[in-house]
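The values are calculated or read from the model by the stated rules, or taken from the named source; none is laboratory data. These numbers were taken from a predicted model, which means no experiment stands behind them. Every residue, glycine as well, gets a Cβ built from its backbone with ideal geometry; the counts of neighbours run over all protein chains shown.
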Amino acid sequence: MARPRSFDRDHVVHAAERQFRTTGYNGTSVDDISAATGLGRGSLYAAFDDKHGVLLQAMDGYSARLGQSAVEALAGPDEGALERLRVFLLGAVDGVPLADDVPPAPDRAAAACFAAMALELGNSDPEVARVAHATFSVVATSVAECERRSAAATSTPTRIPTTLRTFC
């Protein structure tokens, strides 16, 4: 008879997410995840099947939080939509380095690494591609709706770059 789980799954998933975001999927071993979470290899395999299972759980959690934050940040009345859109988009690029000697904000840098990892793996991993696509769809839909509200509130249409507009 198997022992009941004696760990907080959310805590483990968050710790694994931080590890993946720091060292990437290929740079993270099961031993790294074990050290980050405090769980033994056997417990990790029993709970998540393998490293890929841990990654998918971490991506699902991250994606849900990212999608929810976009919806919350961009929702609201027509008035103020342009400002909400401006704040959201500037915040989204806050982690992109402006120059080699100007590092991105630490939390945004980790998020950018997680997104880059999803892009890298998405080409060969349909499950990762599914999660990344679903997340992008939620964010792009929220941006498009906020853009529509902004245009409704002003006589000057909001100009979202064509590359982003094609996904909205």
_I'd like the full set of residues that are surrounded by 13 or more Cβ atoms within 10 Å (Cβ to Cβ), under 22 Å from the mean Cα position of the chain (by Cα), more than 15 Å from D10 (Cβ to Cβ) and of a type in the set (D, E, K, R), limited to region 49-82._
K51
*Only residues that are assigned to a helix (DSSP H, G or I) and of a type in the set (G, A, S): list them for region 20-52, please.*
S34, A35, A36, G42, S43, A46, A47
*Kindly indicate the residue of region 31-48 that is at pLDDT 95 or above and surrounded by fewer than 17 Cβ atoms within 10 Å (Cβ to Cβ) and also nearest to V12 (Cα to Cα) among those meeting that condition.*
A35
